[in-house]
1. For the chain, compute Rh as the Kirkwood radius over C-alpha pairs and then the Stokes-Einstein diffusion coefficient at 4 °C and 1.567 mPa s; write the answer in µm²/s, rounded to an integer.
2. Taking 30 Å as the cut-off for C-alpha to C-alpha distance, list the pairs among Lys52/Lys255; Lys23/Lys84; Lys83/Lys255; Lys142/Lys278; Lys52/Lys83; Lys255/Lys278 that go past it.
3. How would you rank 114-120, 31-37, 90-96, highest first, on the average number of other Cβ atoms within 10 Å across their residues?
4. Among the Cys residues of the chain, which have no other cysteine Cβ under 4.7 angstrom away?
5. Explain nothing, just compute: Karplus ³J(HN,Hα) = 6.51 cos²θ - 1.76 cosθ + 1.60, θ = phi - 60°, for every residue of the stretch 76-90 in order, whole Hz, x for Gly and Pro.
6. Using the Karplus curve 6.51 cos²θ - 1.76 cosθ + 1.60 with θ = phi - 60°, what ³J(HN,Hα) values do you get for each residue of the stretch 253-261, in whole Hz, with x for Gly and Pro?
7. Measure of size requested: the Rg and Dmax of the stretch 164-251, with Cα atoms as the atom set and Å as the unit; please supply both.
8. Between the alpha-carbon centers of the stretch 221-245 and the stretch 158-196, tell me the distance in whole angstrom.
Amino acid sequence: MRALAAVAVLLVLAAVSRADVIKLKSGEVIEGDVVAETEDSVTIRTGSGTIKMTTTYRRDTIESVTREETPARRAEALAAAVKKGDPASYRAAIAALREVGRAADADRLQAELDAVELEAWKAAHAGRLCPECKGDKALPCKACGGKGSARVTGLCETCRGTGRIVCPDCRGAMKGPCRGGCFKEDTQKTVTGPDGKRYDLTIKKGMILVRRGMGEWYQACPKCNMTCVAPCETCRATGQVACPDCQGKGVREVKAKCAACEGKCRVPCAACGGTGLKGEAGGGKTDEQQR
Ligand SMILES: [Zn+2]
Ligand SMILES: [Zn+2]
Ligand SMILES: [Zn+2]
Ligand SMILES: [Zn+2]
Ligand SMILES: [Zn+2]
C-alpha cells in the first residue's frame, strides 16, 4: 500500500508541475521535458523562457522517469497503435492528431483507413463490382496523371514578371564600398619604407599599402580614386540583376492544383457514376437504397 501511495503522489506531483520528472539514483530530481529516450539514456530539456538547457542522463544513473501525458504525446501513442483490422483505433488516432494540429499525419491515416474500408466494402460486394474501376469508385485523374498537380507557366512571383530584381549586393544603390583593399579610415601604422627604414605614418582614408623596393609604401587606391566607394560590380552599376528564380525570363513553371480533379488525384468513375457497382450508372438504385 505504501508503494502505491508513493506512486500516486509522484503522479500528482508530475501533473501539478506539468513536467516530466527524472529521479536519479543520487536522489537528485530533474523536472523538464523529456525530449529523447533511448535504451541507454534519457535526454531532458529544463529551464523556461529563453534560458533552456538539454541534458542527457545515462540509464544506469536513473532511478525512475515519469512522463507527463500531454495531448501531443497521447496523439503520438494512438497513431503508433493503429491496427489494420481496427477502424476504431484509426478514428481515435485521427481525431487526436487533428486536435493537436497535425493535419498531415491525420490525413495520411485517414487515407489508410479509407483504403482498408474500401477493401472490406469490395469484399462484401464481390461479383457486383464495376468492371471499369473494379469497385474503387474512382479512377486516377488523366489530366494530371494522378499527381493532383499540374505544371503551368505563370508569372514569376519573385520578380513579378519583370525578370529583374534589386541587386542583392548594393540594394539598388549601384555603388558600394571599394573592394580594392583601401583603408576605409585614417589609420596609424608603422611601415618599413622603400629605403628599409621604419616610418610611423598616418595612412589616409582611400590609400592602399603597396610593396615597393625593400619595404612597403602607400599610394592612392586606383580603383576608387580615394573615395572608398566604387561602382557595384555585381549589377554593373545598374542596381538590378537578372531574377535567379526565372533566369530573367519573367515567367516560370509553377505547380498548380490540377483543375480536373481539384488536386484530389482521382476522379469519380464515369462507368458506374462513382458507386463502384455494375450497372449502377445513370441514377440507378444505390447499394444503400436497396437495403
Ligand atoms: Zn466504376
Ligand atoms: Zn549592385
Ligand atoms: Zn579603393
Ligand atoms: Zn523572376
Ligand atoms: Zn488531376
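Throughout, read-outs are computed from the coordinates displayed, never taken from laboratory work. All values derive from a computational prediction rather than experimental measurement. Note that we place each Cβ from the backbone using ideal geometry, even for glycine, and neighbour counts take in every protein chain shown.
1. 46 µm²/s
2. Lys52/Lys255; Lys23/Lys84; Lys83/Lys255; Lys52/Lys83; Lys255/Lys278
3. Top to bottom by mean Cβ count within 10 Å: 90-96, 31-37, 114-120.
4. Flagged as lacking a Cys partner: Cys228, Cys265.
5. 4, 5, 5, 5, 6, 9, 5, 10, 3, x, 10, x, 4, 5, 5
6. In residue order, the calculated couplings are 6, 10, 7, 10, 4, 5, 6, 5, 10 Hz.
7. 18.6, 64
8. So the two Cα centres are separated by 8 Å.
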